[in-house]
1. Regarding Glu77, is this residue open to solvent by 20 Å² or more (accessible area, probe 1.4 Å), more than 13 Å from the chain's Cα centre (by Cα) and free of Cβ contacts under 8 Å to residues at least 12 places away in the same chain?
2. If you take the residues in the range 171-197 that are touching a residue at least 40 places away in the same chain (Cβ under 8 Å) and among the basic types (Lys, Arg), which one is least open to solvent (accessible area, probe 1.4 Å)?
3. Please specify each residue of the range 130-149 satisfying the condition of being open to solvent by less than 10 Å² (accessible area, probe 1.4 Å) and out of contact with any helix residue (DSSP H, G or I) (no Cβ under 7 Å at 6 or more places or on another chain).
4. Mind checking which residues of the range 108-128 are touching a strand residue (DSSP E or B) at 6+ places or on another chain (Cβ under 8 Å), under 28 Å from Glu172 (Cβ atoms) and open to solvent by 10 Å² or more (accessible area, probe 1.4 Å)?
5. Would you check if there is a residue in the range 157-167 being touching a helix residue (DSSP H, G or I) at 6+ places or on another chain (Cβ under 9 Å), open to solvent by 40 Å² or more (accessible area, probe 1.4 Å) and either small (Gly, Ala, Ser) or free of Cβ contacts under 8 Å to residues at least 40 places away in the same chain (or both)?
6. Can you find even one residue in the range 138-149 that is farther than 25 Å from Leu202 by Cα and acidic (Asp, Glu)?
7. Output the residue which, of all residues in the range 85-107 that are open to solvent by 40 Å² or more (accessible area, probe 1.4 Å) and of a type in the set (A, V, I, L, M, F, W, C), is modelled with the lowest pLDDT.
Amino acid sequence: TCNKVGTCNLYGDPELGRALQERNNAVSSVVSKSSLSLQRLELGLTDLCNMKCTMCCLSRGEASPPFVPQNGMMGLELATRIIAEFMALAGPNPLILLHWVGEPLIFPKCKELFAELEQYVCRLHLVTNGIKLTEDLVDSLFRLQGEHTLNVSLNAVKTETYQIINQVDKLEEVLNNIDHWLKKRKERNVQNWTFLASTIVLEENYREVPAFVAFWQEKLGPSGSVDIGLNGKGDLSSN
(Lines give C-alpha, C1' and ligand atoms only; values in the text may rest on other atoms or scores of the structure.)
Protein backbone atom coordinates (compact mmCIF):
# COMPACT_ATOMS: atom_id res chain seq x y z
CA THR A 1 0.00 0.00 0.00
CA CYS A 2 1.15 3.51 -0.69
CA ASN A 3 0.51 6.24 1.87
CA LYS A 4 -0.20 9.91 1.21
CA VAL A 5 3.43 10.99 1.23
CA GLY A 6 4.22 8.54 -1.53
CA THR A 7 6.37 6.09 0.38
CA CYS A 8 5.52 2.43 0.05
CA ASN A 9 5.16 0.32 3.18
CA LEU A 10 2.82 -2.16 4.76
CA TYR A 11 1.34 -0.01 7.49
CA GLY A 12 0.85 3.45 6.00
CA ASP A 13 3.09 5.14 8.59
CA PRO A 14 4.93 8.10 6.99
CA GLU A 15 7.94 7.98 9.30
CA LEU A 16 8.30 4.24 8.91
CA GLY A 17 7.84 4.71 5.18
CA ARG A 18 10.70 7.21 4.98
CA ALA A 19 12.95 4.94 7.02
CA LEU A 20 12.11 1.98 4.83
CA GLN A 21 12.72 4.05 1.70
CA GLU A 22 16.17 5.10 2.92
CA ARG A 23 17.01 1.50 3.74
CA ASN A 24 15.67 0.27 0.40
CA ASN A 25 17.71 2.86 -1.47
CA ALA A 26 20.85 1.64 0.30
CA VAL A 27 20.00 -1.98 -0.39
CA SER A 28 19.23 -1.21 -4.04
CA SER A 29 22.65 0.39 -4.42
CA VAL A 30 24.33 -2.78 -3.17
CA VAL A 31 22.00 -5.13 -5.04
CA SER A 32 22.56 -3.35 -8.35
CA LYS A 33 26.24 -4.20 -8.09
CA SER A 34 25.65 -7.83 -7.16
CA SER A 35 24.68 -10.94 -9.08
CA LEU A 36 21.32 -11.26 -7.32
CA SER A 37 18.73 -12.88 -9.58
CA LEU A 38 15.13 -12.29 -8.55
CA GLN A 39 12.55 -14.88 -9.56
CA ARG A 40 9.17 -13.84 -8.13
CA LEU A 41 7.29 -10.59 -7.52
CA GLU A 42 4.00 -10.54 -5.60
CA LEU A 43 2.35 -7.25 -6.49
CA GLY A 44 -0.60 -6.14 -4.36
CA LEU A 45 -2.37 -3.45 -6.36
CA THR A 46 -5.13 -2.99 -3.78
CA ASP A 47 -6.57 -4.47 -0.60
CA LEU A 48 -10.11 -3.59 -1.71
CA CYS A 49 -12.41 -6.31 -2.99
CA ASN A 50 -15.86 -6.70 -4.56
CA MET A 51 -16.57 -9.83 -2.50
CA LYS A 52 -16.81 -10.58 1.23
CA CYS A 53 -15.71 -14.20 1.31
CA THR A 54 -16.33 -15.99 4.59
CA MET A 55 -12.76 -17.30 4.88
CA CYS A 56 -11.05 -13.98 4.11
CA CYS A 57 -9.17 -12.42 7.02
CA LEU A 58 -10.43 -8.96 6.02
CA SER A 59 -14.08 -10.04 5.82
CA ARG A 60 -13.78 -11.80 9.19
CA GLY A 61 -12.05 -8.87 10.89
CA GLU A 62 -9.06 -11.06 11.73
CA ALA A 63 -6.37 -9.34 9.68
CA SER A 64 -2.90 -9.07 11.20
CA PRO A 65 0.39 -7.76 9.74
CA PRO A 66 1.20 -7.74 6.91
CA PHE A 67 -2.49 -7.97 5.95
CA VAL A 68 -3.60 -4.89 7.91
CA PRO A 69 -6.21 -3.21 5.67
CA GLN A 70 -5.48 0.26 4.34
CA ASN A 71 -8.49 0.37 1.98
CA GLY A 72 -6.27 1.80 -0.70
CA MET A 73 -5.17 1.55 -4.31
CA MET A 74 -1.60 1.64 -5.58
CA GLY A 75 -0.82 4.30 -8.17
CA LEU A 76 -0.01 3.19 -11.74
CA GLU A 77 3.35 4.99 -11.64
CA LEU A 78 4.42 3.13 -8.52
CA ALA A 79 3.20 -0.23 -9.87
CA THR A 80 5.09 0.17 -13.16
CA ARG A 81 8.23 1.34 -11.32
CA ILE A 82 8.16 -1.72 -9.07
CA ILE A 83 7.80 -4.00 -12.10
CA ALA A 84 10.64 -2.23 -13.94
CA GLU A 85 12.97 -2.51 -10.95
CA PHE A 86 12.06 -6.17 -10.49
CA MET A 87 12.64 -6.99 -14.17
CA ALA A 88 16.00 -5.20 -14.10
CA LEU A 89 17.14 -7.67 -11.41
CA ALA A 90 15.18 -10.69 -12.63
CA GLY A 91 16.68 -13.99 -13.65
CA PRO A 92 15.39 -16.11 -16.53
CA ASN A 93 11.65 -16.72 -16.78
CA PRO A 94 10.59 -14.51 -13.83
CA LEU A 95 7.11 -14.70 -12.30
CA ILE A 96 4.84 -11.73 -11.53
CA LEU A 97 1.97 -12.72 -9.24
CA LEU A 98 -0.94 -10.28 -9.22
CA HIS A 99 -2.51 -11.22 -5.91
CA TRP A 100 -2.64 -9.96 -2.35
CA VAL A 101 -5.75 -9.67 -0.17
CA GLY A 102 -7.75 -7.59 -2.67
CA GLU A 103 -9.18 -8.11 -6.15
CA PRO A 104 -6.56 -7.01 -8.73
CA LEU A 105 -9.01 -6.43 -11.58
CA ILE A 106 -10.79 -3.60 -9.72
CA PHE A 107 -7.53 -1.66 -10.16
CA PRO A 108 -8.74 1.23 -12.38
CA LYS A 109 -5.60 1.25 -14.54
CA CYS A 110 -5.47 -2.48 -15.36
CA LYS A 111 -5.34 -1.97 -19.13
CA GLU A 112 -2.52 0.54 -18.79
CA LEU A 113 -0.63 -1.82 -16.47
CA PHE A 114 -1.00 -4.74 -18.87
CA ALA A 115 0.17 -2.47 -21.70
CA GLU A 116 3.34 -1.77 -19.68
CA LEU A 117 3.85 -5.51 -19.21
CA GLU A 118 3.90 -6.00 -23.01
CA GLN A 119 7.50 -4.81 -23.11
CA TYR A 120 8.70 -7.67 -20.88
CA VAL A 121 8.98 -11.42 -21.32
CA CYS A 122 7.85 -12.89 -18.04
CA ARG A 123 5.26 -15.20 -16.52
CA LEU A 124 2.10 -13.59 -15.18
CA HIS A 125 -0.08 -15.42 -12.65
CA LEU A 126 -3.30 -13.46 -12.29
CA VAL A 127 -5.52 -14.47 -9.36
CA THR A 128 -9.03 -13.03 -9.67
CA ASN A 129 -12.63 -13.74 -8.71
CA GLY A 130 -13.57 -13.16 -12.35
CA ILE A 131 -16.26 -10.52 -11.85
CA LYS A 132 -14.25 -7.87 -13.72
CA LEU A 133 -12.90 -10.17 -16.42
CA THR A 134 -14.31 -7.94 -19.15
CA GLU A 135 -13.74 -8.17 -22.89
CA ASP A 136 -11.34 -5.23 -23.08
CA LEU A 137 -9.20 -6.77 -20.33
CA VAL A 138 -9.23 -10.11 -22.13
CA ASP A 139 -7.82 -8.38 -25.21
CA SER A 140 -5.10 -6.78 -23.09
CA LEU A 141 -4.13 -10.09 -21.50
CA PHE A 142 -3.85 -11.92 -24.81
CA ARG A 143 -1.29 -9.39 -26.07
CA LEU A 144 1.27 -10.35 -23.41
CA GLN A 145 4.40 -12.32 -24.24
CA GLY A 146 5.45 -15.33 -22.16
CA GLU A 147 3.64 -18.21 -20.46
CA HIS A 148 0.79 -17.05 -18.25
CA THR A 149 -1.96 -18.38 -15.98
CA LEU A 150 -5.44 -17.05 -15.33
CA ASN A 151 -6.45 -18.34 -11.89
CA VAL A 152 -10.14 -17.76 -11.10
CA SER A 153 -11.06 -18.33 -7.46
CA LEU A 154 -14.62 -19.66 -7.36
CA ASN A 155 -15.12 -21.85 -4.26
CA ALA A 156 -18.31 -23.41 -5.68
CA VAL A 157 -20.15 -24.31 -8.86
CA LYS A 158 -23.56 -24.37 -7.17
CA THR A 159 -25.28 -21.02 -6.91
CA GLU A 160 -26.44 -21.35 -3.30
CA THR A 161 -23.02 -22.45 -2.04
CA TYR A 162 -21.30 -19.71 -4.04
CA GLN A 163 -23.53 -17.05 -2.47
CA ILE A 164 -22.99 -18.40 1.06
CA ILE A 165 -19.19 -18.37 0.74
CA ASN A 166 -18.54 -15.35 -1.47
CA GLN A 167 -21.43 -13.21 -0.21
CA VAL A 168 -22.42 -12.06 -3.71
CA ASP A 169 -24.79 -13.32 -6.41
CA LYS A 170 -22.29 -13.36 -9.28
CA LEU A 171 -21.72 -17.02 -10.21
CA GLU A 172 -23.57 -16.90 -13.53
CA GLU A 173 -21.79 -13.68 -14.50
CA VAL A 174 -18.38 -15.11 -13.61
CA LEU A 175 -19.01 -18.35 -15.49
CA ASN A 176 -20.08 -16.34 -18.54
CA ASN A 177 -16.87 -14.29 -18.30
CA ILE A 178 -14.81 -17.48 -18.12
CA ASP A 179 -16.65 -18.98 -21.10
CA HIS A 180 -15.95 -15.80 -23.08
CA TRP A 181 -12.24 -15.93 -22.13
CA LEU A 182 -12.01 -19.60 -23.14
CA LYS A 183 -13.86 -18.93 -26.40
CA LYS A 184 -11.57 -16.04 -27.32
CA ARG A 185 -8.51 -18.10 -26.46
CA LYS A 186 -9.67 -20.84 -28.82
CA GLU A 187 -10.70 -18.44 -31.62
CA ARG A 188 -7.34 -16.69 -31.55
CA ASN A 189 -5.42 -19.92 -31.07
CA VAL A 190 -3.70 -18.45 -28.02
CA GLN A 191 -1.06 -20.92 -26.85
CA ASN A 192 0.56 -19.08 -23.96
CA TRP A 193 -2.33 -18.86 -21.46
CA THR A 194 -3.41 -21.63 -19.07
CA PHE A 195 -6.69 -21.55 -17.16
CA LEU A 196 -6.86 -22.62 -13.51
CA ALA A 197 -10.10 -22.94 -11.53
CA SER A 198 -9.53 -22.94 -7.78
CA THR A 199 -11.48 -23.51 -4.59
CA ILE A 200 -10.77 -23.38 -0.89
CA VAL A 201 -12.16 -26.33 1.06
CA LEU A 202 -14.48 -25.11 3.82
CA GLU A 203 -17.23 -26.49 5.98
CA GLU A 204 -19.72 -24.93 3.58
CA ASN A 205 -18.43 -26.66 0.44
CA TYR A 206 -16.35 -29.74 1.24
CA ARG A 207 -19.13 -32.14 0.24
CA GLU A 208 -19.27 -30.46 -3.19
CA VAL A 209 -15.57 -30.70 -4.02
CA PRO A 210 -16.03 -33.82 -6.25
CA ALA A 211 -18.76 -31.96 -8.18
CA PHE A 212 -16.44 -28.95 -8.51
CA VAL A 213 -13.66 -31.09 -9.97
CA ALA A 214 -16.03 -32.95 -12.31
CA PHE A 215 -17.60 -29.69 -13.55
CA TRP A 216 -14.24 -28.21 -14.57
CA GLN A 217 -12.80 -31.42 -15.95
CA GLU A 218 -15.79 -31.66 -18.27
CA LYS A 219 -15.60 -28.01 -19.30
CA LEU A 220 -11.85 -27.75 -19.73
CA GLY A 221 -10.71 -31.19 -20.75
CA PRO A 222 -6.91 -31.24 -21.17
CA SER A 223 -6.66 -27.45 -21.62
CA GLY A 224 -6.89 -26.39 -17.97
CA SER A 225 -6.57 -27.55 -14.38
CA VAL A 226 -8.25 -27.44 -10.99
CA ASP A 227 -6.60 -26.32 -7.75
CA ILE A 228 -7.93 -27.49 -4.37
CA GLY A 229 -6.67 -25.68 -1.27
CA LEU A 230 -7.31 -26.49 2.39
CA ASN A 231 -8.23 -23.60 4.69
CA GLY A 232 -8.00 -23.42 8.46
CA LYS A 233 -11.57 -22.17 8.94
CA GLY A 234 -13.86 -24.79 10.49
CA ASP A 235 -13.28 -28.34 11.66
CA LEU A 236 -12.67 -30.65 8.70
CA SER A 237 -10.72 -33.25 10.67
CA SER A 238 -13.52 -35.83 10.60
CA ASN A 239 -14.54 -35.18 6.98
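1. Values: open to solvent by 20 Å² or more (accessible area, probe 1.4 Å): yes; more than 13 Å from the chain's Cα centre (by Cα): yes; free of Cβ contacts under 8 Å to residues at least 12 places away in the same chain: yes.
Yes, satisfied.
2. Ranking the qualifying residues of the range 171-197, first place goes to Arg185.
3. His148
4. The first filter runs over the range 108-128 and keeps only residues touching a strand residue (DSSP E or B) at 6+ places or on another chain (Cβ under 8 Å), leaving 108, 117, 122-128.
Next, only the ones that are under 28 Å from Glu172 (Cβ atoms) stay: 108, 124-128.
Within the range 108-128, Pro108, His125, Val127 meet the criteria.
5. yes
6. Of all residues in the range 138-149, those farther than 25 Å from Leu202 by Cα come to 138-148.
Of the ones still in play, those that are also acidic (Asp, Glu) are 139, 147.
Yes, the conditions are met somewhere in the range 138-149.
7. Narrowing the range 85-107 to residues open to solvent by 40 Å² or more (accessible area, probe 1.4 Å): 85, 88-89, 92-93, 99-100, 106.
From what is left, the residues that are of a type in the set (A, V, I, L, M, F, W, C) are 88-89, 100, 106.
On the way: Ala88: 93, Leu89: 92, Trp100: 77, Ile106: 94.
In this case the residue turns out to be Trp100.
The values are calculated or read from the model by the stated rules, or taken from the named source; none is laboratory data. Quick caveat, the model's predicted, so the values are computed rather than measured. With ideal geometry, Cβ positions are generated from the backbone for all residues, glycine too; neighbour counts draw on all protein chains shown. Surface accessibility is based on the protein's heavy atoms, side chains included, excluding ligands, DNA and RNA. Shrake-Rupley method; radii C 1.70, N 1.55, O 1.52, S 1.80 Å.
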